[in-house]
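All remarks here apply to the structure that follows.
The values are calculated or read from the model by the stated rules, or taken from the named source; none is laboratory data. Predicted, not measured: the structure shown is a model, and the values here were computed from it. Cβ: placed from backbone, ideal geometry, glycine included. Neighbour counts: every protein chain shown.
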Amino acid sequence: MDLFEYQGKQFFAEYGMPTSPGKIAFTVDEAVQAAEELGTPVMVKAQVHTGGRGKAGGVKFAATIEDVTEHASNILGLDIKGHIVGRVWIEKASDIAEEYYASFTLDRSEKKHLGMLSKEGGVEIETVAEENPDAIAKIWVDPVDGLSENQCKAWVEAANLPAEAFDGTVDILLKLYEAYTDGDADLVEINPLILTPEGKVHVLDAKVTLDGNSVFRHENYEQYDETQTRDERETAAHSKGLQYVGLDGSVGVIANGAGLAMSTVDVINQVGGKPANFLDIGGGANADVMAGALEVINNDPNVKAIFINIFGGITRGEEVANGILEAMKRVDIESPIVIRLDGTNADEGRAILKPNLSDKLLMETTMLDAATTAVQLAQ
Amino acid sequence: MSIFVDETTKVIYQGLTGSQGSYYGRLNREYGTQVVAGTHPKKAGTDIDGVPIYANVAEAVEATGATASCIFIPAAGVRGAVMEAAAGGVKFIVAVTEGVPAHDEAIFYNQLKRDYPDVQLLGPNCPGIISPGKCNIGITAGHIAKPGGPVGIVSRSGTLTYQALYELKQKDIGVTTCVGIGGDPVPGTSFIDCLEAFEADQETKAIMMIGEIGGSAEEEAAEYIKDHVTKPVSSYIAGVTAPPGKKMGHAGAIVSGGKGTASAKMEALEAAGVRVGNNPTEAGELMAEIVATL
């Protein structure tokens, strides 16, 4: 779950990290009102789940209320890499002496938490890693022990920050680690972490991704679920509890199992087609789940053909075939369907499907043949 | 031979009294697995189809001599269940449960390494392990695998594993052991753990490795294969065309910051001498070719 910058800052503030006062605004009027309450100068910042906001004109300094009106009008509705700006964060402007970078994420290879700190902030960390890797101080934290104050101090020393930034940075990093672990985050990132001319260390931007699997112990995370960026199709699939990712092609995909669904998407590409989605309906393939999946795909206007790819393991072929037929009765499907059914009792399942085959319901025995047929039908 | 589990392995099911646990526990038992006990803190003294229930893993181990456990506990309880199993004395833990928070996984992975270095965890979010004809722990349909050998399989994906087992069976090729290591960010057992065990297993003559996008486990496996594996390996990597930044069903299947792409993994494996198929069927055919030359 990706948080907007302002949600990330509010999340950090709960753990005692210093952030600037600000307000969220959905309209120009609200932006002006927020700026009046905060007092100018302010920053007007687009809230989107993507990077590169500054370059796209989504972050502006406003010295006066007139500036706020102008920038908020331009930024609200702006398209930043396909994300339409629906809200802006109005924040008291900060004076910046220096910009740093700080983050924690899970290092899957080391199976430890990885902290990164750099005195080269305000630019993408990938760029720093490529051009000047020595400018990044790394620390691997054992998840069982956590991050001690002494470890944290040694880490900040290794990053060669100026002496006046030392204490403030140590304090923020300890709190950042707490927010990261206590909050079950996949990623917490402050870029930039700034030093003000007065010598204060301060959070100027926040990027937070939370682990969707941890929602059961964080009741308040429902609020973030509502602000995820999803297109109409993804919203519909999400409400049905389906594992769905929208793509931009014309062949709708339904498969059981994440690996098989990924593989199906790959094979459609391999035979020259374009998949409309990734959709994993899980182990079984009963009529309810199948009907829900067909409904989501049927509502996608780009879909011209549907490829159902099922491997029966414990769920037998007969059950799968009956589930598909039952689901087709419930949904008025516009596009032709190509089925590939394999695995346990595949022959029995195919025998059930056979009398129902038509130019709207086709069957192939291999994944490649089924993909080829579906791609031809979509053209 | 087989790796990790065989016909002598006695297994405790943590969560045997639940709907998933009782369903798969029964199927595993029908397959021939020695399902010797279940655990439930409040149902000690009862039984499921004659399989006795104990209050905890330690008591079940003491009473039955079990050396393995299989976890069918909801995600919130998995961290506790894994540590209970290790403390209770089992040496091989299969955690089938999906949806375990990554931080929990990071904690129990490191806790096991430190306090119980001789305990092996498989999963979480995995289909389990099957040594065909001998022992099946987890949710794999046993009859789709042909016993014997000469192929050992290790995979991050459930259905693609079943696909591989099934295609090999149709080509009349047997499997020594098939290990589903699961699709989560911190799997207890790695590709390398399985490659090492297959390399040491005399009956395994060739290895099939099924990976997917996300992380760098396949690249690390490729390095290991280059230096330590003498047996031929075929592979398939799912997610070649997956968009960056999206979790593709599995919590660990995500390309982030340009890292974890299928093409990088395929290149690394090919550079290590692995024969890489473009789809599961092709990988199966490559394995059949390899087996024909053994």
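Give me the residue from segment B:223-267 that is among the polar types (S, T, N, Q), part of a loop (DSSP other than H, G, I, E, B) and more than 9 Å from every other protein chain (Cβ to nearest Cβ) and, out of that set, surrounded by the most Cβ atoms within 10 Å (Cβ to Cβ).
Filtering segment B:223-267 for residues among the polar types (S, T, N, Q) gives B:230, B:234-235, B:241, B:256, B:261, B:263.
From what is left, the residues that are part of a loop (DSSP other than H, G, I, E, B) are B:230, B:241, B:261.
In the following step, the residues that additionally are more than 9 Å from every other protein chain (Cβ to nearest Cβ) were identified as B:230, B:261.
Working: B:Thr230: 6, B:Thr261: 17.
Out of the qualifying residues, it is B:Thr261.
Annotation note: Cβ proximity below 8 Å between a residue of segment A:45-56 that is at negative phi and a residue that is of a type in the set (S, T, N, Q) and surrounded by fewer than 21 Cβ atoms within 10 Å (Cβ to Cβ) (sequence gap 6+ or interchain) occurs for A:Val48/A:Thr229; A:His49/A:Gln228; A:His49/A:Thr229. Here A:Asn160, A:Asn213 are screened, and the one residue that is within 14 Å of chain B (Cβ to nearest Cβ), of a type outside the set (D, E, K, R) and either exposed (fewer than 15 other Cβ atoms within 10 Å of the Cβ) or under 30 Å from B:Ile254 (Cβ atoms) (or both) is A:Asn213. Which number in (1) within 14 Å of another protein chain (Cβ to nearest Cβ); (2) modelled with pLDDT of 90 or more; (3) crowded, with 24+ Cβ neighbours inside 10 Å marks the one condition that A:Ala285 misses? Unmet condition: (2).
Being under 17 Å from B:Cys178 (Cα atoms), in contact with a strand residue (DSSP E or B) (Cβ under 8 Å, 6 or more places away or on another chain), more than 11 Å from every other protein chain (Cβ to nearest Cβ) and surrounded by fewer than 21 Cβ atoms within 10 Å (Cβ to Cβ) narrows it down to one residue among B:Glu203, B:Glu270, B:Glu285, B:Glu196; which is it?
B:Glu203
The sole residue among B:Met248, B:Met266 that is at pLDDT 95 or above and not assigned by TED's automatic domain parsing to the domain that holds B:Val100 is B:Met266. Among the strands (runs of 3 or more DSSP E) confined to segment A:301-379, the ones with at least 3 residues that are farther than 19 Å from A:Phe278 by Cβ and free of Cβ contacts under 8 Å to residues at least 60 places away in the same chain are located at A:337-343, A:361-364.
Where helices (runs of 4 or more DSSP H) fall entirely within segment B:6-120, none has at least 3 residues that are of a type in the set (A, V, I, L, M) and assigned by TED's automatic domain parsing to the domain that holds B:Ala253.
Would a scan of segment B:178-188 turn up a residue that is assigned to a helix (DSSP H, G or I), of a type in the set (A, V, I, L, M) and out of contact with any Asp or Glu (no Cβ under 8 Å at 6 or more places or on another chain)?
Looking through segment B:178-188, none of the residues is assigned to a helix (DSSP H, G or I), of a type in the set (A, V, I, L, M) and out of contact with any Asp or Glu (no Cβ under 8 Å at 6 or more places or on another chain).
Based on this model, can you work out whether B:Gly174 counts as in the same structural domain as B:Lys205 (by TED's automatic domain parsing), more than 16 Å from B:Val5 (Cα to Cα), in contact with a His (Cβ under 9 Å, 6 or more places away or on another chain) and small (Gly, Ala, Ser)? Judged against the criteria, B:Gly174 is not a match. Residues of segment A:364-377 that are at pLDDT 95 or above and either among the polar types (S, T, N, Q) or farther than 18 Å from B:Gln163 by Cβ (or both): A:Thr372, A:Thr373, A:Ala374, A:Val375, A:Gln376, A:Leu377. Of the residues making up segment A:216-246, just one is within 7 Å of chain B (Cβ to nearest Cβ), farther than 22 Å from A:Ala321 by Cα and under 17 Å from the mean Cα position of the chain (by Cα), namely A:Val245. In the condition set (1) away from chain B (no Cβ under 14 Å); (2) closer than 26 Å to B:Met248 by Cα, A:Phe311 is compliant with all but (1).
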